[in-house]
Amino acid sequence: MASLSTTTTPTTTTTTTTKSLSSTSHNPLWSKPSQLSAFRSNQTRHIAPKISCKVAKSDDQQSQTPKTTNVETSKFDRRNMLIGLGGLYGAATTLSGGSAAIAKPTAPDVTECGLSEADDGHGNNPITLDCCPSGFGQAVDFKLPNPYSEPRKVNIRPAAHLVNNDYIQKYWKALALMKALPDSDPRSFKQQADVHCAYCNGGYHQVGLPDLDYQIHASWLFFPFHRAYLYFYEKILGKLIDDPTFKIPYWNWDHPDGMVMPEFFNIPNSPFFDPIRDQKHLPPTVMDLSYDGPTKEHNLPYNDQIAQNLTIMHRQMITNAKTRVMFLGGPFRSCDDPPSEPGSLEVQPHGTIHNWVGNPQPNTLRWEDMGNFYSAGRDPIFYSHHANVDRTWSIWKTLSHRNRDFKDKDFLNSYFYFYDENAQLVRIYVRDCLDTVKMGYDYQPMDLPWLKSRPTRHGHGHQRGHGHGRGHDHGREKCCCSRNYSHTISQFPKIPR
């Protein structure tokens with residue numbers, strides 16, 4: 001089953017009683033990474049030429065990537081298998097003269113998609129699923145707009161709790177049209193949800209390494225993968241309503257006004273509704289960013305819960321996020337075992353919100369929908385949740401001059417595959433996912449009250465004045481950052497209420 005370990009969560013010398021997700025071992029999102037490979041021996045795959053993990057390419061060789069790649073479809077073993085005939089990664093074994101060489105950036109072998117698997121986190125209630133996409137035509141490389149040849153258009157993702165009825169109606173129409181597409185269409189809501197299942201529950205192995213699973217959680221791939229995932233999901237929605245400027249809303253759970261599930265996601269019979277959510281956590285219940293399962297509900301008074309949530313945000317965005325690895329996650333390169341070094345925010349609150357929205361046992365078998373990798377994308381709120389996760393990546397880079405993305409070529413040259421709004425298979429590199437403005441979008445700014453909620457020895461957030469602790473003074477942030485979310489509100493258009 002595709003799952004994560006949190007034993008490598010970054011630590012800090014600050015003493016606090018605020019709970020960490022590292023204890024949430026019973027949830028299928030956070031189980032042993034060894035389970036990722038448990039199903040491999042039972043699957044029948046088209047075996048690609050193996051690549052040795054002993055020899056690495058030079059930097060020059062790593063940059064030699066084909067412009068287009070062929071992918072053809074076939075039926076195999078009663079599953080949809082994307083079988084490459086000379087295929088997508090033929091060059092991976094030839095650019096350096098043979099199978100003994102490998103490019104260190106890792107990538108999924110989408111020419112071979114096998115069954116995915118899931119369970120309840122303890123190996124119980126196992127399930128196997130065909131999450132493989134439909135495939136046809138050629139894969140083309142994603143290209144950022146050229147700012148010198150075409151004007152840069154930046155559209156704004158609004159805060160979900162601030163959107164007006166006109167926006168909700170537009171999103172309603174777009175999502176309803178996506179859900180009405182046939183399941184065989186890679187742009188359909190079913191196949192968009194299955195993207196997460198295939199990438200996260202063992203559907204792919206690494207290119208040329210059929211014995212090593214590919215996984216986009218618990219490493220430096222977490223943020224860029226989900227950014228690209230939402231980008232193409234959003235493009236499809238815009239195409240369906242003939243509005244290329246359309247942007248999905250973000251669930252602003254790091255602000256007190258957004259710490260309740262956005263109400264429009266709870267409208268029965270709407271395309272936003274998912275009945276498989278924890279019924280105790282529907283509006284107007286305030287979320288608990290330290291949620292650790294139904295037996296450990298805190299049920300704090302409103303003000304105390306808000307204060308604890310803000311303290312958690314401060315800790316995960318600042319105290320536990322002082323280096324790239326601490327915030328973005330550890331490296332994941334070709335030939336590596338499935339990763340197990342998530343960044344601070346991936347563990348909490350990203351993971352705890354998945355758990356908080358999902359419906360635990362005995363209500364479901366595997367904490368569906370949001371509480372399990374394979375089913376999380378089936379809940380429309382998943383995409384707004386991850387929009388805010390994506391936003392925190394941008395915010396983190398404004399908090400200190402030290403907060404920068406990895407410059408490692410193995411990070412920058414890793415890549416993923418998605419279908420775009422025209423059902424075209426696209427390869428997108430991490431290096432093209434580092435700046436939302438260059439990708440054509442940004443976020444409606446909101447205050448960041450957690451900047452002032454520094455944890456104390458007693459575990460309570462301490463509200464401070466304008467200074468936010470050493471290295472996080474508001475004035476210094478202005479000096480070192482080109483786009484600071486806490487002081488550029490007037491520079492962005494307001495989303496009408």
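Taking helices (runs of 4 or more DSSP H) that fall entirely within region 284-360, which contain at least 1 residues that are of a type in the set (A, V, I, L, M, F, W, C) and in contact with a strand residue (DSSP E or B) (Cβ under 8 Å, 6 or more places away or on another chain)?
On the way: elements: 302-314, 324-328, 352-357.
Helices (runs of 4 or more DSSP H) meeting the threshold: 302-314.
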Next on the checklist: Tell me yes or no: at least one residue of region 333-350 is more than 21 Å from residue 430 (Cβ to Cβ), of a type outside the set (A, V, I, L, M), out of contact with any Phe, Trp or Tyr (no Cβ under 6 Å at 6 or more places or on another chain) and buried (at least 24 other Cβ atoms within 10 Å of the Cβ).
Outcome noted: yes
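Residue under question is residue 183, and the condition is that it be in a loop (DSSP other than H, G, I, E, B) and either over 27 Å from residue 249 (Cβ atoms) or not small (Gly, Ala, Ser) (or both); does it hold?
On the way: in a loop (DSSP other than H, G, I, E, B): yes; either over 27 Å from residue 249 (Cβ atoms) or not small (Gly, Ala, Ser) (or both): yes.
Against the criterion (in a loop (DSSP other than H, G, I, E, B) and either over 27 Å from residue 249 (Cβ atoms) or not small (Gly, Ala, Ser) (or both)), residue 183 qualifies.
For region 364-415, which fully contained helices (runs of 4 or more DSSP H) count at least 1 residues that are buried (at least 20 other Cβ atoms within 10 Å of the Cβ) and among the small types (Gly, Ala, Ser)? Step through it out loud before you land on a result.
Values: elements: 373-376, 381-396, 409-412.
Here the list reads 373-376, 381-396.
Residue by residue, here is whether (1) at pLDDT below 90; (2) farther than 25 Å from residue 221 by Cα; (3) surrounded by 16 or more Cβ atoms within 10 Å (Cβ to Cβ); (4) not polar (S, T, N, Q) holds:
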position: 67; (1), (2), (3), (4): yes, no, no, yes
position: 77; (1), (2), (3), (4): yes, yes, no, yes
position: 100; (1), (2), (3), (4): yes, yes, no, yes
position: 106; (1), (2), (3), (4): no, no, yes, no
position: 114; (1), (2), (3), (4): no, no, yes, yes
position: 126; (1), (2), (3), (4): no, yes, no, yes
Checklist entry - Using beta carbons and a limit of 9 Å, which pairs, at least six apart or on different chains, have the first residue in region 243-256 and over 14 Å from residue 443 (Cα atoms) and the second one in a loop (DSSP other than H, G, I, E, B) and of a type in the set (Lys, Arg)? => result 244/153
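Listed here are the residues, each with its yes/no results for (1) surrounded by fewer than 21 Cβ atoms within 10 Å (Cβ to Cβ); (2) touching a Phe, Trp or Tyr at 6+ places or on another chain (Cβ under 9 Å).
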{"residue": "180", "(1), (2)": "yes, yes"}
{"residue": "187", "(1), (2)": "no, yes"}
{"residue": "190", "(1), (2)": "yes, no"}
{"residue": "196", "(1), (2)": "no, yes"}
{"residue": "237", "(1), (2)": "no, yes"}
{"residue": "249", "(1), (2)": "no, yes"}
{"residue": "256", "(1), (2)": "yes, no"}
{"residue": "261", "(1), (2)": "no, yes"}
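Residues checked against (1) closer than 22 Å to residue 224 by Cα; (2) assigned to a strand (DSSP E or B); (3) small (Gly, Ala, Ser):
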residue: 131; (1), (2), (3): yes, no, no
residue: 134; (1), (2), (3): no, no, yes
residue: 139; (1), (2), (3): yes, yes, yes
residue: 144; (1), (2), (3): yes, no, no
residue: 150; (1), (2), (3): no, no, no
residue: 161; (1), (2), (3): no, no, no
Checklist entry - What is the one condition in (1) assigned to a loop (DSSP other than H, G, I, E, B); (2) surrounded by fewer than 19 Cβ atoms within 10 Å (Cβ to Cβ); (3) in contact (Cβ under 8 Å) with a residue 40 or more places away in the chain that residue 446 does not satisfy? => result (2)
Checklist entry - For region 209-221, does any single residue satisfy the condition of being part of a helix (DSSP H, G or I), under 21 Å from residue 430 (Cα atoms), in contact with a Gly (Cβ under 6 Å, 6 or more places away or on another chain) and not basic (Lys, Arg)? => result no
Item to check | Of all residues in region 336-387 being closer than 29 Å to residue 443 by Cα and among the polar types (S, T, N, Q), the one that is nearest to the chain's Cα centre (by Cα) | outcome: 384
Checklist entry - Being modelled with pLDDT under 95, surrounded by 14 or more Cβ atoms within 10 Å (Cβ to Cβ) and either small (Gly, Ala, Ser) or on the phi > 0 side of the Ramachandran plot (or both), is that true of even one residue in region 481-494? => result yes
Checklist outcome for this item: Pairing a residue in region 282-306 that is under 20 Å from residue 363 (Cα atoms) with any residue that is of a type in the set (Gly, Ala, Ser) and not in a loop (DSSP other than H, G, I, E, B), where Cβ atoms lie under 8 Å and the two sit 6 or more apart in sequence or on different chains, gives 292/23
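Return the only residue of 373, 382 being aromatic (Phe, Trp, Tyr) and touching a Pro at 6+ places or on another chain (Cβ under 8 Å).
Details: 382 fails: touching a Pro at 6+ places or on another chain (Cβ under 8 Å).
Going through 373, 382 in turn, the sole match is 373.
The values are calculated or read from the model by the stated rules, or taken from the named source; none is laboratory data. Keep in mind that what you see is a predicted model, and the values were worked out from it rather than measured. With ideal geometry, Cβ positions are generated from the backbone for all residues, glycine too; neighbour counts draw on all protein chains shown.
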